[in-house]
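Okay, so here's the structure we're looking at.
Each reported figure results from applying straightforward, stated rules to the coordinates on display, with no laboratory input. Nothing here was measured: the structure is a model prediction, and the numbers come from that model. Because the Cβ atoms are built from the backbone with ideal geometry, glycine has one as well, and the counts that use them run over all protein chains shown.
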Amino acid sequence: MRIATRIAVAVFLLAAAWMAGAQRALAQDQSGDVMMPEQSAAKARALLEGAIQALGGNAYLNMHDVTCTGTFSNFGHSGDLNGFTKFQDFSIPPDKDRFENVPKHNIIQVTNGDKGWTLDRGGVSEEAATDLAENIEGRKTDIDNILKHRMNEKDMVLRYVGPDTVDRLEVDWVELTDPDNRIMRIAISKITHLPVRETIEIRDPNTQMKMEEVEYYSNYHPLQGIETPFQISRDRNGLKVYQVFFDKCDYNTGLTDSFFTKESLEERWEKVGKKSKHKSSKSSAKDADKDTD
């Protein structure tokens, strides 16, 4: 190793040690109040626990599954609207999801743990590796997964950031940092104690480029004792990625693990695939008749 490189590394390590010591000694929030790290973490945890209670307490924490219908709007890389899709989404959090188009239910995407499949007009296939990686990464920063599970992980660092105004609402910001250096900040309304925004600093799982995602939650409705945001939108690096508008959601409908398997899609293909082949055969027959006329 070159001397200059060794010096650079030594300086970096000394700076990192000094910063770590400073963080252990004192933490300062945006309000200007100096807080010890333990105080900051305790306040952050209290705000997160307050959000859990506002979202429904035990009803929210013990929810097994959810089925929602609504409209999904997708945006391209330049932030332009690509179109709208009516959908029905089935989920057993944190790692089972089934997204279907409505009303035909002939385009379906299923993720289950570290596996995923897609049903479309060509049949059932493995989910694209890039899409699956994005889904898996998304679970780690999903706000429900954070509130129900991740905030209590041993190596998760909690910090109270301070007060702010978001969309004309007074909020408190809470920051969570996991061992993989994902930084997740949640804005919690001072009035309702509900989450209204989450910002995420991560690296793209495919390109490893650093990016910031912002998710917005609004238009809450109480359903079966659970406060549910009927509008969710996400930006990535300043550009809109999607918007979701829910029409209805039903909790604890009895969804089973078998509904989130490749076999379930193959069973569905047996129904929708035969219809597609039948229509295709009829079209071919009509074309043949025209040719003989």
What do you get for trypsin sites (Lys or Arg not before Pro) in segment 63-134 restricted to DSSP loop and a cutoff of at most 15 other Cβ within 10 Å of the site's Cβ? Lys104, Arg121
For segment 172-280, run through the trypsin sites (Lys or Arg not before Pro) and keep only the ones in DSSP coil with at most 14 other Cβ atoms within 10 Å of their Cβ. Lys190
Where in segment 130-159 are there trypsin sites (Lys or Arg not before Pro) that are in a DSSP coil and have at most 13 other Cβ atoms within 10 angstrom of their Cβ? Lys154
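Which value, in debye to the nearest 20, gives the size of the charge dipole of segment 40-281 about its Cα centre, when Lys and Arg are +1 and Asp and Glu are -1 at the Cβ? Kindly include the intermediate steps, with their values, before the conclusion.
On the way: 32 positive and 40 negative charges, 114 e Å.
That gives a dipole near 540 debye.
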What three numbers, in Å, describe the spread of the alpha carbons of segment 196-273 along their principal axes, ordered from the longest? 42, 37, 20
Sorted by chain and then number, the residues having a modelled amide H within less than 5 Å of the amide H of Ile107, at least 5 places away or on another chain, are Asn101
What is the dipole size for segment 206-271, taken about its Cα centre, with +1 at each Lys and Arg Cβ and -1 at each Asp and Glu Cβ, in debye to the nearest 20? 260
Quick check: residue separation of Asn101 and Gln231 times 0.36 nm, minus the Cα distance between them. What number comes out in nm? 45.0 nm
Cross-link pairs beyond the 20 Å C-alpha cut-off, checked among Lys86/Lys248; Lys248/Lys271; Lys43/Lys148; Lys115/Lys240: Lys248/Lys271; Lys115/Lys240
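How big is the equivalent ellipsoid of segment 68-169 along its three axes, where each semi-axis is √(5λ) from the Cα gyration tensor, reported in whole Å from largest to smallest?
Values: eigenvalues 176, 80, 35 Å².
With the √(5λ) rule applied to segment 68-169, the semi-axes are 30, 20, 13 Å.
For segment 134-220, what value does the Rg/Rh ratio take when both radii are computed over Cα atoms and Rh is the Kirkwood radius, given to two decimals? Can you show the working numbers first?
Working: Rg = 13.1 Å, Rh = 13.5 Å.
Reported Rg/Rh, Kirkwood definition of Rh: 0.97.
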Along each of its three principal axes, how wide is the spread of alpha-carbon positions in segment 40-281, in whole angstrom units, largest first? 66, 40, 35
Identify all aspartates and glutamates with a Cα-Cα distance to Lys190 below 17 Å; exclude those on the same chain that are fewer than 8 residues away in sequence. Asp29, Glu49, Asp164, Asp167, Glu170, Asp172, Glu175, Glu198, Glu227
